[in-house]
Amino acid sequence: MSSVVINLDNYLSVETNKLTSVTIDSSMKEETLRIFLDRDLSNLTTLCCDCCVWLTSIPDLPNLTELRCNRCTGLTSIPELPNLTNLVCSGCTMLDTIPVFPNLTRLKCNDCVKLTVLPELHNLTSLTCTNCDKLDKISELPNLTNLICDGCSSLINLPPLLSLKSIYYSNDTINIYTIPLWLFNPITTDVLIKTLEYNPQNINSIFNHYYTSASIINNNLDILLQYIDYADSDTYDKLVRLCIDSNTILPILVKPTTRKKKML
């Protein structure tokens, strides 16, 4: 027997040491859950216990690779599981910590409203963490390629995510205009405009990051020129050269070294 659904009828009779995959029926109560989870589950690789509201903790399962514990509203902790690669724990409203899982590649923790920090997970490639109201820090995730962080109202910034290929958020999720520009590759005109509106001095970081991408700069030159008063000397000189090269009409310019700064 390798896979089974555990319920009130069989939680004592099944040979747990032979199981590799278990789904726990949500009707299991606290005492029956404790009795079953205290048995020998050393060969278990997959555990699904969605909606087990009486579940308060996950046992130490050294061979577990996949854990699904959605809407386990009484779950307060998950141990460090060295072989875990996939964790789905959405709706665990009492869970405030995600341990460091050295082999975790996929994490979905939507609606974990007490979660405040995501630790360094060096092998994580996919992260979904929507509506985590108290989440205010995502640590280094060097291999992350896909990120969904919609509705995380306390999350105001992100670490360098140099492997990122896809990101989804809403404007009330994070302060998008403080996000490093490397996230926008290529940057859209809409994001460019809003980034400059949020802080006109962003014209300098935009130029430094995208100057070698001629199409991005040239296609948005008219927008950038609206904020030339906020350009430092290097950005100013580059803008002037681009205007001359492209036969664009220059606005009335004042050299950055002599004009009064509009923003401190």
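Since every read-out is calculated from the coordinates, none of them should be taken as a lab result. Only a predicted model underlies this, so the values are computations on that prediction, with no experimental measurement involved. All Cβ positions, even for glycine, are placed from backbone atoms using ideal geometry, and neighbour counts span all protein chains on display.
Structure values in brief
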| item | result |
| --- | --- |
| Set of aspartates and glutamates near residue 134 by C-alpha distance (under 20 Å), chain-local residues within fewer than 8 positions excluded | 96, 111, 120, 150, 172 |
| Orientation-averaged projected area, Cα convex hull of the chain (nm²) | 15.9 nm² |
| Nearest-20 debye value, the stretch 1-101 charge dipole, Cβ charges on Lys, Arg, Asp, Glu | 140 debye |
| Pairwise FRET efficiency - residue 150 versus residue 248, Cβ, R0 = 35 Å, nearest 0.05 | 0.35 |
| Of 22, 121, 75, farthest towards positive along the dipole that unit charges on Lys, Arg, Asp, Glu beta carbons give the chain | 121 |
| Crossing angle, helix 233-246 versus the chain [Cα axis fit, 0-90 degrees, rounded to tens] | 70 degrees |
| Residue order, fewest to most surrounding Cβ atoms within 10 angstrom, among 246, 21 | 246, 21 |
| Lys, Arg +1 and Asp, Glu -1 on Cβ, resulting dipole of the stretch 25-158 about Cα centre, debye, nearest 20 | 160 debye |
| Likely footprinting exposure, 97, 195, fewest C-beta neighbours within 10 Å first | 97, 195 |
| Within the chain: Cβ-based charge dipole about Cα centre, in debye rounded to nearest 20 (Lys, Arg +1; Asp, Glu -1) | 820 debye |
| Neighbour-count ranking [beta-carbon atoms within 10 angstrom, fewest first] of 140, 15 | 15, 140 |
| Given 18/108; 137/194; 137/165; 114/165; 18/114, the pairs whose alpha carbons are separated by over 26 Å | 18/108; 114/165; 18/114 |
| Net lengthening on full extension, residue 10/residue 222 (0.36 nm per residue, minus Cα-Cα) | 69.2 nm |
